[in-house]
1. About the Cα centre of the chain, how large is the charge dipole given +1 on each Lys and Arg Cβ and -1 on each Asp and Glu Cβ? Please answer in debye to the nearest 20.
2. I want the local charge near SER70. Using Cβ-Cβ distances under 9 Å, sum +1 for each Lys or Arg and -1 for each Asp or Glu among the other residues.
3. Loop-only check: which trypsin sites (Lys or Arg not before Pro) in segment 45-111 are DSSP coil with at most 13 other Cβ within 10 angstrom?
4. Hey, got a sec? Which trypsin sites (Lys or Arg not before Pro) in segment 155-227 land in a DSSP loop and have at most 12 other Cβ atoms within 10 Å?
5. Checking the a/c ratio against 1.5 first, then a/b against b/c, what shape does the Cα gyration tensor give for segment 59-120?
6. Run the quick spin-label model on ILE271 and ILE254: label points 7 Å from Cα toward the beta carbon, then report their separation in nm to one decimal.
7. To the nearest 0.05, how large is the calculated FRET efficiency for ILE202 and LEU245 if R₀ is 45 Å and r is the Cβ-Cβ distance?
8. Need one word for segment 14-143: rounded, prolate or oblate. Basis is the Cα gyration tensor (sqrt eigenvalues a ≥ b ≥ c); a/c below 1.5 gives rounded, then a/b vs b/c decides.
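Taken together, the values in this text are just the output of simple stated rules run on the coordinates, not laboratory data. Predicted, not measured: the structure shown is a model, and the values here were computed from it. For neighbour counting, all protein chains shown are included, and Cβ atoms are generated from backbone atoms with ideal geometry for every residue, glycine included.
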Amino acid sequence: MDLLSIVIPCLNEEKNIFSICKEISKVIKGNVELSNLNFELIFIDDGSDDKTLEIIKKLSKDCEEIKFISFSRNFGKEAAIYAGLKNSSGDFIILMDADLQDPPVLLPQMYSFIKSGLYDCVATRRTSRKGEPVIRSFFTESFYKIINVISKTKIVNGARDFRIMTRQMVNSILEVSEYNRFSKGIFSWVGFKTKWLEYENIERQQGQTNWSFWKLSIYALDGIISFSTAPLYLSTITGIIFSLLAVISMIIIIIRTLIFGDAVSGWSSTISVILLLGGIQLFSIGILGQYLSKTYLETKNRPIYICKETNIR
Ligand code: UDP
Ligand code: MG
């Protein structure tokens with residue numbers, strides 16, 4: 001009989017833990033194929049500062065299928081995914097969010113596809129971004145376009161982390177033990193055959209998204225480059241701003257000269273050229289710094305996460 005591991009990263013999800021357990025068990029019980037299998041639910045408490053861990057621990061006392069790993073602080077979703085995969089022992093491993101944005105009703109379909117043996121992974125993608133701010137969708141779309149142009153590793157637009165994978169694929173993912181983890185890229189990088197299921201975006205059940213616009217932008221930059229270090233980002237952004245300022249000032253100078261003539265000839269254009277070149281230089285140094293910082297963090301060889309408490313032996 002197969003053992004299915006369900007890995008769920010949680011950061012401040014006190015309002016969702018109970019409902020996700022209920023939803024998952026409802027789906028399992030309502031399906032003949034799934035109800036005959038063994039399950040383990042692995043919750044990763046990613047340094048929550050609400051009652052998330054307390055609730056998970058309480059649930060795990062009544063139900064031995066519920067396991068948890070609690071981090072010593074917030075290490076980020078990528079680290080939580082890694083910890084979950086590493087501590088799973090299932091033949092098939094499922095990854096899903098705690099906020100019910102990943103519909104458990106897809107589980108039977110995902111399992112039967114992977115069980116057919118034709119695929120190593122059954123993943124999901126959102127076909128819409130309903131309920132998301134327009135500007136966020138715009139930047140996300142642009143990110144996918146850029147990364148797919150400049151990187152050999154293809155990343156599917158709208159791909160979620162919600163997926164089921166074979167043990168073999170998970171072991172390969174775990175072998176990619178880099179510190180700067182960008183799972184969407186790693187899933188694609190390890191190869192294997194993936195079947196894509198599509199669904200309409202579902203809004204988060206309770207609580208707030210942990211991804212601010214800024215956090216998402218950094219994540220996107222990380223994804224592009226790694227495939228952190230804040231000051232280096234700063235030089236990149238300063239470079240962009242100065243380049244933009246230079247372009248604007250050039251336009252203003254041209255218009256002003258056309259209308260009023262030139263008072264001190266050559267001065268303004270010299271300044272704008274200096275600004276433009278300075279901007280481009282800072283921008284380039286910034287990019288260089290990004291790669292250097294990644295290398296720096298990677299060579300330090302720090303652990304991806306630190307576990308404070310767990311019931312997994
Ligand atoms: N999450 C996490 N650590 C973090 C941020 C998020 O473990 O630092 C978890 C979060 O609890 C949720 C999942 O990752 O289960 C997705 O997060 P969220 O819903 O905030 O992201 P979105 O759905 O908006 O992409
Ligand atoms: Mg969510």
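1. It comes to approximately 340 debye.
2. -1
3. Listed in order of number, the matching sites are ARG73.
4. Answer by residue number: LYS193.
5. It is prolate, given that a/c is not under 1.5 and a/b is the larger ratio.
6. Result: 1.9 nm between the two label points.
7. Once the sixth-power term is evaluated, E becomes 0.60.
8. Because a/c hits 1.5 or more and a/b fails to exceed b/c, segment 14-143 counts as oblate.
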